[in-house]
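The values are calculated or read from the model by the stated rules, or taken from the named source; none is laboratory data. Here the structure is a predicted model, which means the values were calculated and not measured. Glycine gets a Cβ as well: all are built from the backbone with ideal geometry, and neighbour counts include every protein chain shown.
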Amino acid sequence: MSKFRNAVVTLGWLAMAGLAAAQSQLFPGVGREATPKEVAKWDIDVRPDFKGLPAGSGSVAKGQDVWESKCAHCHGVFGESNEVFSPLIGGTTAEDIKNGRVANLKRADYPGRTTIMKVSTVSTLWDYINRAMPWTNPKTLSTEEVYAVTAFMLNLANIVPDNFVLSDKNIAEVQARMPNRNGMTTAHAMWPGNEFGGVKKPDIANKICMKDCTPDAKVASLLPDFARNAHGNLLEQNRIVGQQHGVDTTKPETKAGIAVVPAAPVVVVKPENNEAKAAIALLNKHSCTACHGVDKKIVGPGFNEIAKKQAGKTDYLVGKIKAGGVGVYGQIPMPAQALPDADAKQIAEWISKGASK
């Protein structure tokens, strides 16, 4: 037993020594160096020279299937929708593909700027789809699905043919057909090393103002109280993504950084609604609340709105949940939902009864 105990103690000391050696040298005693496996999980960026691109492939046909089930409800069937996000596809021509510069970007009268008009590198599309899509469940697409969705987008823009299979082997050839490939400069010293021109001096030379500085502007105007909520709550009329969120006009304006707090309302304690609680838990479980609020529209209509139109129609609602559809509440399609029949029925019953909280 003594030999066994000595061996265990020795292994313990070796483990502690290894941990101490792995601790950060910049901050002794705090944390440890990340392991290669841990670094690999974060080091997923794909550069314009395709460094970091994983091996794999995906077809346009496969990309269409993935797109229609996971992408079309936000971006439109052909990537042209402007209802949820800005359009991805449109505005490029065969001449742009030939020249590498999108002519419509120079037109002041052109109505919009799509992603495919602006992006210069196909690696940017691949990287962003891989790390951020679908926006309700990022980093869940497989490598094949990312290649396939990228291929489908390129096909929508007439950059690759219908039967194309995008892969790490031919992606450089696709780069040579990007409509705005010549629309990006690397002369800004933001790239490390010499891979993209080796420019050493940054293209800006900002200096901190130390005297006679221009004072910061102070906005003193306020929205008049009578007009504040004249057109409904602005917060509910703006999408929840992006940088511009509407102000909550149901609350009073703040003045000099101090909000005018109204008298506290009388709180009426309602009995717990177990049916609603269970239904909302299922909505969260199956990611339904990513596109639908209970009492407000997000991507699709709020459940209260659906309840008003489909009161008592449990079976109909079960069918719509399972099969998906488009046209009843607008032109943004809802993909078919692969959830258990029992869960779909429980959600449908709750909606048909009024979708109460």
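Each row is one residue, and each column tells you yes or no for (1) in a helix (DSSP H, G or I); (2) modelled with pLDDT under 75; (3) farther than 30 Å from Ile171 by Cα; (4) of a type in the set (A, V, I, L, M).
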| position | (1), (2), (3), (4) |
| --- | --- |
| Val8 | yes, yes, yes, yes |
| Ala15 | yes, yes, yes, yes |
| Gly29 | no, no, yes, no |
| Val46 | no, no, no, yes |
| Pro54 | no, no, no, no |
| Val66 | yes, no, no, yes |
- prompt: Can you tell me which of Lys139, Lys98, Lys106, Lys70 is in contact with a Lys or Arg (Cβ under 7 Å, 6 or more places away or on another chain) and assigned by TED's automatic domain parsing to the domain that holds Lys169?
  reply: Lys139
task: Considering each residue of the stretch 287-336, count those that are part of a helix (DSSP H, G or I), surrounded by 14 or more Cβ atoms within 10 Å (Cβ to Cβ) and of a type in the set (Ser, Thr, Tyr), and give that number.
output: 2
- prompt: Can you tell me which residues in the stretch 337-357 are surrounded by fewer than 14 Cβ atoms within 10 Å (Cβ to Cβ) and touching a residue at least 60 places away in the same chain (Cβ under 8 Å)?
  reply: Lys357
task: Tell me, please, whether a residue that is more than 18 Å from Asp45 (Cβ to Cβ) and either surrounded by 18 or more Cβ atoms within 10 Å (Cβ to Cβ) or modelled with pLDDT under 95 (or both) can be found in the stretch 121-132.
output: no
query: Any idea how many residues of the stretch 131-173 are hydrophobic (A, V, I, L, M, F, W, C) and not in a loop (DSSP other than H, G, I, E, B)?
result: 13
task: Could you tell me whether any residue of the stretch 87-106 is under 29 Å from Val299 (Cα atoms) and either charged (D, E, K, R) or surrounded by fewer than 15 Cβ atoms within 10 Å (Cβ to Cβ) (or both)?
output: no
message: Restricting to the stretch 39-83, name every residue that is of a type in the set (A, V, I, L, M, F, W, C), out of contact with any Asp or Glu (no Cβ under 6 Å at 6 or more places or on another chain) and over 30 Å from Gln331 (Cβ atoms).
response: Val39, Ala40, Trp42, Ile44, Phe50
message: I'm checking my understanding of the structure. Among residues of the stretch 157-193 that are out of contact with any Pro (no Cβ under 9 Å at 6 or more places or on another chain) and of a type in the set (Ser, Thr, Tyr), which one is modelled with the highest pLDDT?
response: Ser167
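So that you can scan it fast, the table gives a plain yes or no per residue for (1) outside the structural domain of Ser69 (by TED's automatic domain parsing); (2) within 26 Å of the chain's Cα centre (by Cα); (3) under 16 Å from Leu283 (Cβ atoms):
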{"site": "Lys309", "(1), (2), (3)": "yes, no, no"}
{"site": "Leu317", "(1), (2), (3)": "yes, no, yes"}
{"site": "Lys320", "(1), (2), (3)": "yes, yes, yes"}
{"site": "Ile332", "(1), (2), (3)": "yes, yes, no"}
{"site": "Ala342", "(1), (2), (3)": "yes, no, yes"}
{"site": "Gln346", "(1), (2), (3)": "yes, no, yes"}
{"site": "Lys357", "(1), (2), (3)": "yes, no, yes"}
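Listed residues Val199, Val241, Val247; which is modelled with pLDDT of 75 or more and surrounded by 10 or more Cβ atoms within 10 Å (Cβ to Cβ)? Working first, answer last.
Working: Val199 fails: modelled with pLDDT of 75 or more; Val241 fails: modelled with pLDDT of 75 or more.
The conditions single out Val247.
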